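J.: I'd like to ask you about the structure that follows.
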Amino acid sequence: MAARRAASSLLSRGLIARPSAASSTGDSAILGAGSARGFLPGALHRFSAAPAAAATAAATEEPIQPPVDVKYTKLLINGNFVDAASGTRVFSPSGKTFATVDPRTGDVIARVAEGDAEDVNRAVAAARRAFDEGPWPRMTAYERCRVLLRFADLIEQHADEIAALETWDGGKTLEQTTGTEVPMVARYMRYYGGWADKIHGLVVPADGPHHVQVLHEPIGVAGQIIPWNFPLLMFAWKVGPALACGNAVVLKTAEQTPLSALFVASLLHEAGLPDGVLNVVSGFGPTAGATLSSHMGVDKLAFTGSTGTGKIVLELAARSNLKPVTLELGGKSPFIVMDDADVDQAVELAHRALFFNQGQCCCAGSRTFVHERVYDEFVEKARARALQRVVGDPFRTGVEQGPQIDGEQFKKILQYVKSGVDSGATLVAGGDRAGSRGFYIQPTVFADVEDEMKIAQEEIFGPVQSILKFRFAALEFPRIPCDRDRLSTGIYTNTLRAMCSTVEEVVRRANATPYGLAAGVFTQRLDAANTLARALRVGTVWVNTYDVFDAAVPFGGYKMSGVGREKGVYSLRNYLQTKAVVTPIKDAAWL
C-alpha cells in the first residue's frame, strides 16, 4: 500500500517548493531581431519590462558530463543485440546507424543501429516463434509474474544508470527521472506482474444442458510504438500488460530517444525473459514504424504519439490484417480555475500542469481558463512564477526545466510563440530561447488569449502557457441545478438564468477542440467540481491536482485523443482475446 501511495504521488512530490530567481536569459538565434523584446513593441503594456529571472545555466555553464556509459546501441532481436541488416553492404559492415543527440548541446551521444523493414521482419519472426513455440505463453502465470517482479527489482538496482540515460537522451531533469520516472517504471512492472496470475475466464450459465467457458487468451504478437517524450514510462505502460497476458512483443523506439529502452530491455532478459519474447527495433517512422503497423504477422498494435501519425498507423493496420489498435494521441487540455480558488495554489498547479517535462506532455494543461474575478491576479502571479522557473542543464540540482527534445521541436515552439503575438495575445513572460547553445526555451506565458487563436487550438508541446478569461457567476451555483424546464416556468430569476448559461459557456469552450485527453478543475466547491467533471469530454479529469498517474488508474482520450485505455485493468483487455467454449452436458445434476 505504501508503494502504491508513493507511486501515485510522485509527480506531485518534490515540485512544491518554488526556486529562487536567477540571472536573465540570452538572445534568440531563431527569432533574432524578432525576439520578445525586439519585434513586440508595447507587447508588455500591462506589465513591467523587467528581464526574465529564469536561470540560464545553459548559457553560462559547461554541460555536466553524464555519469553513465552507453552500453546498448544495437537492435534486440531474438534475445541478442545485433546490427541492423539494412544497409550493411552500402554504409558499413556493421549496418546502418543514426545519431542520437544530446539536446543540451546538439552533440552526438552515440550512433544507434537503424532498423528498417528487413529488421522488423526479423523481429516479428522471432516474436512469432517465441509465441507459437516458446515457453512464455506456456509457463504458469505465476512464473511470468516472478519474471516481471525480478525485472522491477533490477530496475531499482540500476536506477541511477537508467535515470542518467533518460536525462542525457531526452533532456529531462535528473531530479524528475530519478525521483519520479524510474520509480514509476518499477511500480508499473510490479503492478502488471501482480496481474499475471489473476487473469482468468468465467463459467456462465446456458439456457440448456451446456457447459460454457469464457477464456481470456493472449492475443499473440503485439507491435508497440513508443514516443520520445516519456520513453521509459511508455515502455512500462505497453510492455508490462502485454507480457503479463503472455504475449510476445516487437517494440519500436522513437529515433530521438532509443537508449533507455534498450538498456531496460537487457534487464528484462537478465530477469529471465525467454529469447524472442521482447524485441526492440530502433528506427524511423516511415520505415520501421510503417512496416510494423502494416505487418501481417502482427496481431495487435499499440501506438503513442501525435494524432496525425496515429491516423496513419490506424490506416496501415486496417489495410493489412485489420489488427486491433490502441492509440494514445495528442491533447489540448483545459485547466479551469474557478473564482473561489486560492490563487497562489491555482497558479502553482497550473504552472506544473503546463511546464512539466518542458511542456512536452500530451495531457499538459495548455488552455488555462481563469474566471474574470481572479484573472488579473492570476496572470500577474503566473508571470512571476514563470520568471522564477529555473532553466538549465538537467543534470544540475535545482534545475526545473531542461532543453526541448531537438532542433525541430525547438523551432516549432518558437513559431507558435510568434503566432501568439501576431494574433494579438499579450506576451507577459518568456517568448525567446534561453542561452545560446542547445534547445532551451524560456518559460513563456500569454494573456488575453482568445479561443480562435492558433496557440489555443493546436498542440504546441512546449513551455508555452495560454491564459484565457471566462465568466461564471458562481456564488449560488453549488445549490442550484440547471433545469431548463424550471427556467421556462419562471421559477428562477434572470440572475440564475445567466448563471446556467455561463456554466454552459465555459463547458462549451473547454470542449470546443478535436482533442479530449485530460482536464483540470480547480475549485473549493464540490458541486462545481462534479458538474464540470461530468460535462468535460475527456478521458481524465484531475480536480485540485494534476498529472497523477497511479498504476491502477486508466488513461486515454475521447475524440481524436485516442482509442482505448492504458494502465489499470483496462490495459489488460488490449492484449487478450475472448473465446467461448461450449460443450454439451448429459444427465447434469444441475444447470
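The values are calculated or read from the model by the stated rules, or taken from the named source; none is laboratory data. Here the structure is a predicted model, which is why all the values come from computation and not from measurement. Note that each Cβ is placed from the backbone with ideal geometry, even for glycine, and that neighbours are counted across all protein chains shown. Protein only, heavy atoms only, side chains kept; ligands, DNA and RNA dropped before computing areas. Shrake-Rupley method; radii C 1.70, N 1.55, O 1.52, S 1.80 Å.
J.: Quick one: count up the residues across the stretch 324-363 that are of a type outside the set (A, V, I, L, M, F, W, C), touching a Leu at 6+ places or on another chain (Cβ under 6 Å) and open to solvent by 10 Å² or more (accessible area, probe 1.4 Å).
T.: 1
J.: Here's something else I'd like to know. From the list Ala196, Ala206, which one is among the aliphatic types (A, V, I, L, M), more than 20 Å from the chain's Cα centre (by Cα) and in a loop (DSSP other than H, G, I, E, B)?
T.: Ala206
J.: Something else about it: Give the residue, chosen from Asp299, Asp275, that is over 24 Å from the mean Cα position of the chain (by Cα), acidic (Asp, Glu) and more than 23 Å from Leu149 (Cβ to Cβ). If you could, list the steps in order and put the result at the bottom.
T.: Numbers: Asp275 fails: more than 23 Å from Leu149 (Cβ to Cβ).
The conditions single out Asp299.
J.: Test Leu536 against the stated conditions and say whether it is at pLDDT 95 or above, touching a helix residue (DSSP H, G or I) at 6+ places or on another chain (Cβ under 7 Å) and closer than 20 Å to Phe470 by Cβ.
T.: Considered against the rule, which asks whether it is at pLDDT 95 or above, touching a helix residue (DSSP H, G or I) at 6+ places or on another chain (Cβ under 7 Å) and closer than 20 Å to Phe470 by Cβ, Leu536 comes out as yes.
J.: For Leu165, are the conditions met, namely being more than 30 Å from Gln65 (Cβ to Cβ) and not β-branched (Val, Ile, Thr)? I'd like the intermediate steps shown before the answer.
T.: On the way: more than 30 Å from Gln65 (Cβ to Cβ): no; not β-branched (Val, Ile, Thr): yes.
Criteria not met by Leu165.
J.: Looking at (1) assigned by the TED database to the domain that holds Gln457; (2) free of Cβ contacts under 8 Å to residues at least 60 places away in the same chain; (3) surrounded by 15 or more Cβ atoms within 10 Å (Cβ to Cβ), can you tell me which one Leu526 breaks?
T.: (3)
J.: Would you confirm, using the coordinates I've provided, whether Gly106 is in contact (Cβ under 8 Å) with a residue 40 or more places away in the chain, open to solvent by 10 Å² or more (accessible area, probe 1.4 Å), closer than 23 Å to Met189 by Cα and of a type in the set (Gly, Ala, Ser)?
T.: no
J.: So which pairs qualify, if the first residue must be in the stretch 211-223 and on the phi > 0 side of the Ramachandran plot, the second must be among the aromatic types (Phe, Trp, Tyr), the Cβ gap must be under 8 Å, and the two must be at least 6 apart or on different chains?
T.: Gly220/Phe131
J.: Identify all residues within the stretch 548-591 that are of a type in the set (Gly, Ala, Ser) and buried (at least 20 other Cβ atoms within 10 Å of the Cβ); write none if there are none.
T.: If the condition is that a residue be of a type in the set (Gly, Ala, Ser) and buried (at least 20 other Cβ atoms within 10 Å of the Cβ), then Ala551, Gly556, Gly557, Ser561, Gly562, Ser571 are the ones that fit.
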